[in-house]
Structures are given as C-alpha cells and as structure tokens.
C-alpha cells in the first residue's frame, strides 16, 4: 500500500513540474516575441532615421576586421599560390637547413638543380669543354672531374657523351666507414662547410638526424675540389692510340684479355676475375665492339678503366689500367690493344680486373674465355 502511494506521489510531482515548466517557458517566449515585435515595428517605422547609423557601424566593423586580419590571410594565400605555381608536382619544395630554419626552393633554383638529375650531353661539332661548361653555368673543372678528362689536355670529340652535374662540385660514391665530415674534408671543405652536403636537397641519408650514409650511394659535394691524388694522371691517356677498327661484328667468343696469373676468381662479392702480372703488359679487347668508357671517369675503385659494348648484349670491363690506348666512340677488333695493365684505383698491385656482363647481369669470365 505504501509503495503504491509513493508511486502516485512521484507521478503527481512530475506532472506538476511539467505543467510549471510549460507555463514558465511559454511566458518567457511570449515576452521575447513581444519585445522583438516592438523593436521590429520601431525600426520599420523609423527605418530612415536608423539606416545611416547601422550602415556606418557595419562599415566600421568590416574595416576593423580587414585591417586587423587581412594582411595575415593575404600573406598565407600568396605564399601557397607562389609555391604551387613555381614548383612542379613531385619536386621537393623545402629542405631543412639545420640550425638556420627552413629554406624554400624558388623557381630559379629548381631549374638549376634540374630535380637533382645528372644528365648526359652529347658533344656537338665545334664544342669544347669550356663552352659546354658555360652552357650549363658550371666550372670547367666540374666537367673534367666527373668525366675523367685530363685537365691539361681535355680532348673531346663529336658524339661523345659527357655527364653533367646540376651544381659545381664533385660526385662521390660512398665507401665503408665514410661520413659527411670525412667526405667534406677529402674534397677541401672544413667541418662547417660539410653543412653544404646536408643542405643540398637531393642528397639522401639513411638517418636524417645523424646523416648516416649507405655504402655505394652517390653523394653530391657542392663546391668540392677533387684531390690531386684522385685526378686522372696526365700519362694515363696514351699519345698514340689504337686506330679505329671501322665496321665490326662481334663473334660472341672471348679471348684472354691479358697474360698472367689468376689471383682472384668470380664470387658473389667479386663478380670478375683478377689477372696479375708484375711486369704489366698489354690489355686486349676480348671481342670486337665499340668503346663506351675510357678513363678514370669517377671516384670509384676501378681507377682507369675501359668498357666495350659488343653490340650483341655483352659488355666487357677492364679496370686498374696504367695507360689507356683507346677513346670513347671508336671501334676495336678482337685482340686489339686497349691499354696497359696497372694498379690505379682501389688496387694492391699490378693486375687486371676483368668483367663480362650480359644484359646487365655479371657472368663468370672463366666460363666464357677461350
């Protein structure tokens, strides 16, 4: 009985509360509507009198917001439009200059960097190393270093292809244990100048905080200077070259390129054979073909090397030469002398490093030589 009575009292309480709230809300709403109608009628009747103050007040408020927030909004929009107009999609738009804030690449800089690509220039009739360097707004030394040309006699010929860096400096292939600081020092840059290697927007690092490098990666060293010890010796290009063979046809069979003792066989980490001879000797073209590389073209361990395209899918490489007796673009017959055995580059003694590549894949030369 008591429980039933309690439920009835609760029900009556909520019914009374609902009625009370309805009345209060209705009363306040009615007063609000009445006040609104009064103001609207007043403004309508005297709209001419109040139109001018409302108009001037609104204009002053709009002017206040325009002066206060306008420059900030316009500056942001202008910056976004400038970046989107100047930079093509996929191009790096900014690079952190560690310790100096953020630098945004402008259109001129992007054009100069060419997206970081190292392009090839085919030499035209009458062109010189100096004229080609001027064409790309580079120093002559940059072309000489990258293409392994002799500084004293930078001979080039029509049809020859030269590699072109985006900026003045040196292209370095990273070796085990090297850091950006040791590389900077190698190319004549002090510790602070190593920042230039980091700032170059197309250099990559294994770790962007420690600037760790991957063995074998290419690194552009802006404004670097090639050490004298790494320059191509003037004597590495013979004064008298092996004559051009004219029209040739490879046989697909390879002759031994040098006389000597095999000191290292083909392995997964050494995809070539080494033929050593203390007295040196001639290096011969293993088969007929066209010379595509002749010189110390970069800072890799091959040193002076010759590469021959046999135009049948095969390419042979001859490294560590002391003297080169052919030039890029000429043809050679099987057995022609292309250079002399030596110990340039990463070498511990006089020998020939010989590779055979087929479709870009290294093959064991001992399975091909006759």
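Every number in this text was worked out from the coordinates using simple rules, so none of it is lab data. Since the structure is predicted, the reported quantities are computational estimates derived from the model, not experimental observations. A quick note on method: Cβ atoms are made from the backbone with ideal geometry, for glycine too, and the neighbour counts reach across all protein chains shown.
Between residue 117 and residue 161, how high is the FRET efficiency from 1/(1 + (r/R0)^6) when r is the Cβ-Cβ distance and R₀ = 22 Å? Nearest 0.05.
That pair, residue 117 with residue 161, gives E of 0.90.
Compute the FRET efficiency between residue 363 and residue 217 as 1/(1 + (r/R0)^6), taking r as their Cβ-Cβ distance and R0 = 25 Å, and round to the nearest 0.05.
That pair, residue 363 with residue 217, gives E of 0.45.
Exposure proxy check: 60, 341, 307 ranked by fewest other beta carbons within 10 Å?
Ascending number of Cβ neighbours within 10 Å: 60, 307, 341.
Distance in nm between label sites at residue 130 and residue 25, each 7 Å beyond Cα in the beta-carbon direction?
Taking the simple label geometry, residue 130 and residue 25 are separated by 9.4 nm.
Would you please give the FRET efficiency between residue 264 and residue 292, computed as 1/(1 + (r/R0)^6) with r the Cβ-Cβ distance and R0 = 25 Å, to the nearest 0.05?
Taking R0 as 25 Å, the efficiency between residue 264 and residue 292 is 0.50.
Return 353, 362 ranked ascending by Cβ neighbour count within 10 Å, so the fewest neighbours appear first.
Ascending Cβ contact count within 10 Å gives the list 362, 353.
Give the order of 213, 62 when sorted by the count of other beta carbons within 10 angstrom, beginning with the fewest. Numbers along the way, then the final one.
Working: 213 24, 62 10.
With the sparsest Cβ surroundings first, the list reads 62, 213.
How big is segment 234-367 along each principal axis, measuring the range of its Cα positions in Å and listing the largest first?
That works out to 37, 34, 26 Å along the principal axes.
In nanometres, what is the gap between the two model label sites at residue 174 and residue 204, each 7 Å from Cα along Cα-to-Cβ?
Rounded to a tenth, the inter-label distance reads 1.1 nm.
What number, in percent, do you get for the relative contact order of segment 107-230 if the mean sequence gap of Cα pairs under 8 Å and at least 6 apart is divided by its residue count?
27 percent.
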